[in-house]
Protein chains: 4
Amino acid sequence: MPDARRADPTPFIHPVRIYWEDTDAGGVVFYANYLKFFERARTEWLRARGWEQEKLRQEAGVMFVVVQTAVRYRQPARLDDQLDITVALRHAAPASLHFMQQALRQGTLVAEGDIKIGCVDATTFRPRRIPAELLQETTT
Amino acid sequence: MPDARRADPTPFIHPVRIYWEDTDAGGVVFYANYLKFFERARTEWLRARGWEQEKLRQEAGVMFVVVQTAVRYRQPARLDDQLDITVALRHAAPASLHFMQQALRQGTLVAEGDIKIGCVDATTFRPRRIPAELLQETTT
Amino acid sequence: MPDARRADPTPFIHPVRIYWEDTDAGGVVFYANYLKFFERARTEWLRARGWEQEKLRQEAGVMFVVVQTAVRYRQPARLDDQLDITVALRHAAPASLHFMQQALRQGTLVAEGDIKIGCVDATTFRPRRIPAELLQETTT
Amino acid sequence: MPDARRADPTPFIHPVRIYWEDTDAGGVVFYANYLKFFERARTEWLRARGWEQEKLRQEAGVMFVVVQTAVRYRQPARLDDQLDITVALRHAAPASLHFMQQALRQGTLVAEGDIKIGCVDATTFRPRRIPAELLQETTT
């Protein structure tokens, strides 16, 4: 399936506004919160393809879990900033997805992440194949 | 100034989507997070009136701080839910604002809050009058 | 059972240290986080009485849910501060507990909360009686 | 300075208890929170060496900022779990520190992180040398 290995040509963009809850006493966005922003964007990317995670759990009995995250923090972001969070699928395997994500403020790179997701049984937490229909939609 | 004491006739609405970060092991939204949702909505309410909090700090040297919060949790909200967060100014005093806020899911009340905000000097944290221009805009 | 209605004479104390994650761009503890500190202290208060919430869910099939919170913020707390969080049971009813809690920094009141907890079925979220054994231990 | 490049022989351990605030609707610890646990442990590691971050900012005019984080999530952790968070300094450079950290539950690896910290001017956010006294204490 060579298609499953093709990178996403046009990254999906999800806007995130910075509120007090996102900042820390350094006056900037608390770095751990970029993982939240990246996840919100992946959730919307999935929803745009017709999949909600709660339904995925109920109907297919599977969940996506985050297996590995690597984030580089390039520039501080601040209160009231509007960030564009990108989602690009870099690689899709039968039971995992690998995303490249960026947080951009008016085109300037603020943070970038490399996120690996696994598909697991919602009850046992054991690896499970990503539903074929979903995999097809996410990689075309 | 009797106008300053009139309730806001039409509540402002800010939509909030529920993500994994908002939930807890009970399977529902972690109750402390409604304070975040209420604040996001107040921030957008203020922005819709032309005021950003960062500018307020830099230009007028003041900050809004939360003085008191009372929240009643009526119904659990869950992953993927879309909530409408309302903002209604109940009372405006020279150095404080009192808001009534609700979190609604398709018209059903999920949580409601009674939030008191004070205006303080951004450096000393001492009470300061709300800039007249802002007070006027927020109460008309 | 008049005993169940007596206030807790000696408040339980749980220490909380302030880290970057707890602060916001105002340079102080983000107000919503006091609800987290109060809950950590209630959890330790319960554990000191021999009850863990996960066990409570598995063995008795019940969960405690927060029904109402009222918090007054008195003084800002800052990075590296050590707070003492108190837990005093003010009132115990068959299916609910009402706590008074304070956050103190070297004896100075930083924030105080009035927290109402309900006991619910872990599956249906319907009100359930607090296990008698637990109620007895918490009120003596 | 070969000493500055030696790994920390005995890792520092900071205990972290899992509360509701740390979990998500999957019933386990929300992955982004391991970054918070790792940071609490680094803060205590620094404090054990006589340095508080707030003092560092006020006295030396510098702050530590997180530049890069890589985390692998091995096992889910749950409500009421007690985790041991380790801190091992892997490498110290003039303006940065590189830590290896683990979250262990009774000896079982739950998550592990590779965290790079930079020392910056507290006002300009430009790179600054780590105070010599601190560097010496952290690497011996």
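The values are calculated or read from the model by the stated rules, or taken from the named source; none is laboratory data. All values derive from a computational prediction rather than experimental measurement. Heads up, the Cβs are rebuilt from the backbone with ideal geometry, glycines too, and the neighbour counts pull from every protein chain shown. Remember, those area values only see protein heavy atoms, side chains included, never the ligands or the DNA or RNA. Shrake-Rupley method; radii C 1.70, N 1.55, O 1.52, S 1.80 Å.
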task: Can you confirm whether the stretch A:25-46 contains a residue that is more than 14 Å from chain C (Cβ to nearest Cβ) and within 20 Å of B:Glu39 (Cβ to Cβ)?
output: yes
- prompt: Limited to the stretch C:75-87, what total is found for residues that are surrounded by 16 or more Cβ atoms within 10 Å (Cβ to Cβ) and either among the small types (Gly, Ala, Ser) or assigned to a strand (DSSP E or B) (or both)?
  reply: 6
- prompt: Do the conditions hold for D:Arg40, that is, is it under 16 Å from the mean Cα position of the chain (by Cα) and in a helix (DSSP H, G or I)?
  reply: yes
task: Scan (1) open to solvent by less than 60 Å² (accessible area, probe 1.4 Å); (2) more than 12 Å from chain B (Cβ to nearest Cβ) for the single condition C:Asp114 breaks and write down its number.
output: (2)
- line: When D:His91 is run through (1) surrounded by 18 or more Cβ atoms within 10 Å (Cβ to Cβ); (2) touching a Leu at 6+ places or on another chain (Cβ under 8 Å); (3) more than 14 Å from chain A (Cβ to nearest Cβ); (4) not β-branched (Val, Ile, Thr), the failure sits at (1)
- prompt: Does D:Val120 satisfy the criteria of being touching a strand residue (DSSP E or B) at 6+ places or on another chain (Cβ under 7 Å), of a type outside the set (Phe, Trp, Tyr) and within 19 Å of A:Gln68 (Cβ to Cβ)?
  reply: no
Residue identified as among the hydrophobic types (A, V, I, L, M, F, W, C), farther than 20 Å from A:Ala41 by Cα and touching a helix residue (DSSP H, G or I) at 6+ places or on another chain (Cβ under 8 Å) among A:Ala111, A:Ala122, A:Ala95, A:Ala103: A:Ala122
Residue, nearest to the other protein chains (Cβ to nearest Cβ), within the stretch D:49-74, restricted to residues that are exposed (fewer than 15 other Cβ atoms within 10 Å of the Cβ) and not basic (Lys, Arg): D:Glu52
query: Among the listed residues A:Leu97, A:Leu109, A:Leu135, which satisfies the condition of being free of Cβ contacts under 8 Å to residues at least 40 places away in the same chain and not in a loop (DSSP other than H, G, I, E, B)?
result: A:Leu109
message: Being farther than 18 Å from B:Tyr73 by Cα and either at pLDDT 95 or above or of a type in the set (A, V, I, L, M) (or both) is true for just one of C:Gln53, C:Gln101, C:Gln68, C:Gln136. Which residue is that?
response: C:Gln101
- line: Result of the Cβ filter at 6 Å on the stretch D:13-27, keeping first residues that are among the polar types (S, T, N, Q) and partners that are assigned to a loop (DSSP other than H, G, I, E, B), at least 6 apart or interchain, is D:Thr23/B:Asp24; D:Thr23/B:Ala25; D:Thr23/D:Leu79
